[in-house]
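Some notes on the structure that comes next.
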Amino acid sequence: MPDVKNLGFGKYFSDHMFQLNYATSKGWHNGRITPYQPLAIDPAATVLHYGQALFEGMKCFRQTQGDLVLFRPEYNAMRLQNGADRLCMEAPPVEIMIEGIRQLVRVDQAWVPKERGSSLYLRPTLIGMEAFLGVRPASEYLFFVICSPVSSYYSEGADPIKIWVEDTFIRAAPGGLGATKAGANYAASLKAALVAKEKGYAQVLWQNVTHQSIEEVGTMNVFFVFENEIVTPALNGSILPGGVRDCVLKLLKHMGLPVTERELSMDEVRAAYQKGTLKEVFGTGTAAVISPVGELSSNSYKMVINEGVRGPIATELYNHITGIQYGEKEDIFGWVQKV
Ligand SMILES: Cc1ncc(COP(=O)(O)O)c(C=O)c1O
């Protein structure tokens, strides 16, 4: 395995992968662990033409005491099932998905890094495999899982990131695919991310179709800490229901802090900023866990949040969640599962 300092995110892959096939006539069959290898796909496969592609992102940690654990695997397996339903795909039963992942991690356990802040990122993926050019759901699918040892997602590491408030492009719309991890959502997001990067911003803040309410930041859910309330946009069908978002909601309630899921606009955020009642902004996601936002800017304004440094709530949440992941804090919600 490469030196942990050079891991970055998603650059290296472990030696093996899990594969499982579906055909209408056979159901799920031929589950196997194979060497990491290219796939043979018929050029007429639905994934290549009509985007029947869905994925997940989850992590395996090597805890301080040496145990290997998966973090909330059911959450990811259920989300894949929900996404498959929206995309009219077949998804493997939750137990089979998790058992495949568990066996794969056992085989490739040497690839789980031990340094704090690093982990083995798992990428379960589901694709339509039937060779047929009519537009309808495929009758054959491949579910596979690959593993990538990772450290930090952003080059900023745990430092605050700069976010561009996107007011032209949108990522998803009500009634669309935004609540799923369909590959198509990420294709739709690339243009805005590229333009933001050229301006020196790590990612964009996505708004709804009329650009009047806040949805997500980059590939993370977003939280705003105001003086008397912590707010995250309510799930509205175009926002991805993030696993870490769910952890943060549970932890904040457990800590007795006032957290609300509701609609929120940039006008409200800017007004609070001007009054001095906007204390912190942070993104939540599997890759970076908690990512503080140090700047929110658009063509007409620039807001530096909490003087551009990580705030106390983001710090507490990061320490608490990673403490549970690495086995240093009590897992009161039952989030980790031994491999
Ligand atoms: C668009 C988007 N929003 C939010 C998230 C956060 O979800 P999770 O906390 O399950 O990683 C992700 C994925 O990581 C994402 O791709």
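All of the numbers you see were taken from the coordinates with simple rules; none came from a lab. All of these numbers come straight from a predicted model, not from anything done at the bench. Cβ placement follows ideal geometry from the backbone for every residue including glycine, while neighbour counts extend to all protein chains displayed.
Observations, loosely collected:
- For residue 319, net neighbour charge (Lys/Arg +1, Asp/Glu -1) across residues whose Cβ lies under 14 Å away: 0
- Amide H to amide H distances under 5 Å link residue 293 with 161, 281, 282, 283, where only residues 5 or more positions off or on other chains count and H is placed in the peptide plane.
- Folded to 0 to 90 degrees: helix 94-107 orientation relative to the chain principal axis, Cα: 80 degrees
- Stretch gain in nm, segment residue 67-residue 9, where the contour uses 0.36 nm per residue and the Cα spacing is subtracted: 18.6 nm
- Radius 11 Å from Cβ of residue 305, net charge of other residues (Lys, Arg +1; Asp, Glu -1): +1
- Sites listed here are GluC sites (Glu not before Pro) in the stretch 131-230 whose DSSP assignment is loop and whose Cβ has at most 12 other Cβ atoms within 10 Å: 227.
- Counting only residues at least eight positions apart within a chain, or on another chain, the aspartates and glutamates with an alpha carbon under 16 Å from that of residue 197 are 156, 166, 167, 295.
- Entry note, the chain: relative contact order of 19 percent, from Cα contacts under 8 Å with a spacing of 6+ residues.
- Our estimate of slack between residue 299 and residue 329, defined as 0.36 nm per intervening residue step minus the Cα-Cα distance, is 6.5 nm.
- Unit charges at the beta carbon, dipole of the chain: most positive-side option, 118, 248, 297: 118
- Placing +1 on the Cβ of every Lys and Arg and -1 on the Cβ of every Asp and Glu, with nothing else charged, gives the chain a dipole about its Cα centre of roughly 360 debye.
- Cα centroid separation, the stretch 245-314 to the stretch 11-54 (Å): 39 Å
- All Cα pairs of the stretch 161-325, percent lying beyond 26 Å: 21 percent
- Among the trypsin sites (Lys or Arg not before Pro) within the stretch 39-119, those in coil by DSSP and having at most 15 neighbouring Cβ atoms inside 10 Å are 114, 116.
- Ordering of 129-137, 167-175 by burial proxy (mean other Cβ atoms within 10 Å per residue, highest first): 167-175, 129-137
- In the chain the Cα-Cα distances spread across 10 Å bins starting at 0 as 5, 25, 33, 25, 10, 2, 0 percent of all pairs.
- Three-way shape label, the stretch 1-60, alpha-carbon gyration tensor, a/c 1.5: prolate
- Placing +1 on the Cβ of every Lys and Arg and -1 on the Cβ of every Asp and Glu, with nothing else charged, gives the stretch 4-150 a dipole about its Cα centre of roughly 500 debye.
- With the convex hull constructed from alpha-carbon coordinates only, the stretch 124-247 shows a mean projected area of 10.5 nm² over all directions.
- The residue list 66, 172, 97 was ranked by how far each Cα lies along the charge dipole of the chain toward its positive end, using unit charges on Cβ atoms, and 66 comes out on top.
- Coil-residue GluC sites (Glu not before Pro) of the stretch 239-339, DSSP, other Cβ within 10 Å capped at 16: 263, 328, 330
- Phi angles across the stretch 174-183 convert, under the Karplus curve 6.51 cos²θ - 1.76 cosθ + 1.60 with θ = phi - 60°, into 3J(HN,Hα) values of x, x, x, 9, x, 7, 10, 9, 6, x Hz, Gly and Pro given as x.
- Inter-probe distance in nm under a simple model that places probes 7 Å from Cα toward Cβ, at residue 159 and residue 228: 3.7 nm
- Rg and Dmax [Cα atoms of the stretch 299-339; Å; Rg one decimal, Dmax integer]: 15.9, 50
- Local net charge near residue 121, Cβ-Cβ under 11 Å (Lys/Arg +1, Asp/Glu -1): +2
- Alpha-carbon Rg with Dmax, taken over the stretch 29-178, Å: 17.7, 53
- Placing +1 on each Lys and Arg Cβ and -1 on each Asp and Glu Cβ, with no other charges, gives the stretch 196-339 a dipole about its Cα centre of roughly 160 debye.
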